[in-house]
Structure formats: C-alpha cells, structure tokens
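None of the figures in this text is laboratory data; all of them are computed from the coordinates on show. Remember, predicted model here, so these are calculated numbers, not experimental data. Every residue, glycine among them, receives a Cβ derived from its backbone with ideal geometry; neighbour counts consider all protein chains shown.
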Amino acid sequence: MNTYSTQTHRTLKNAMADYGISLRRLAMYIGCSPSLLSMMMSGQRKFKLKYKDRIISILKIEDNIEWINQ
C-alpha cells in the first residue's frame, strides 16, 4: 500500500481511491461491517469517533475531509 500523507483529499471516497483500498477492506481494518461503513459514508448513520480515528491513521489523511459522500 502507498502512503499519501502529503496529499489533500476532498472526500473519504477520494482518499480510498487514491490509497487503493476498497470499502470492504477498510471496514475490516477499522473493525466494522462493510454495510455500516457504507451507511456512515452515505449519511444514513453517524460516524463514530473511533472509526474516524482509525481511518485517519490507516489512510494517513487529515480530519478536514468530507466524510459523507454528496
């Protein structure tokens, strides 16, 4: 996997694509189901802080991205 710590991503979905990680794999890494991650990304469920922290750590991104896909 590549690290993109110096890049600025507009959305979580963009960061995932740039990093080359699927929703299913990211869900596994952060400890939730793919369906829960999908619901959080679509705005149907609220992101829990523990998942945000894990995603930030895994993808090496800033917290100023758009977490919900518009």
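Data table
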item	result
Length released on extending from residue 24 to residue 68, taking residue separation times 0.36 nm less the Cα-Cα span	14.2 nm
Alpha carbon convex hull of the chain, volume per residue in cubic angstrom	75 Å³
Cα-centred dipole magnitude for the chain, charges only on beta-carbon of K, R (+1) and D, E (-1), debye, nearest 20	280 debye
Over the chain: helical MRE at 222 nm, DSSP H runs n ≥ 4 each giving -39500 (n - 2.57), nearest 500	-14500 deg cm²/dmol
15 Å beta-carbon shell around residue 68, net charge (K/R +1, D/E -1)	+4
Spin-label pair residue 60/residue 39, simplified geometry with 7 Å Cα→Cβ offset, distance in nm	3.3 nm
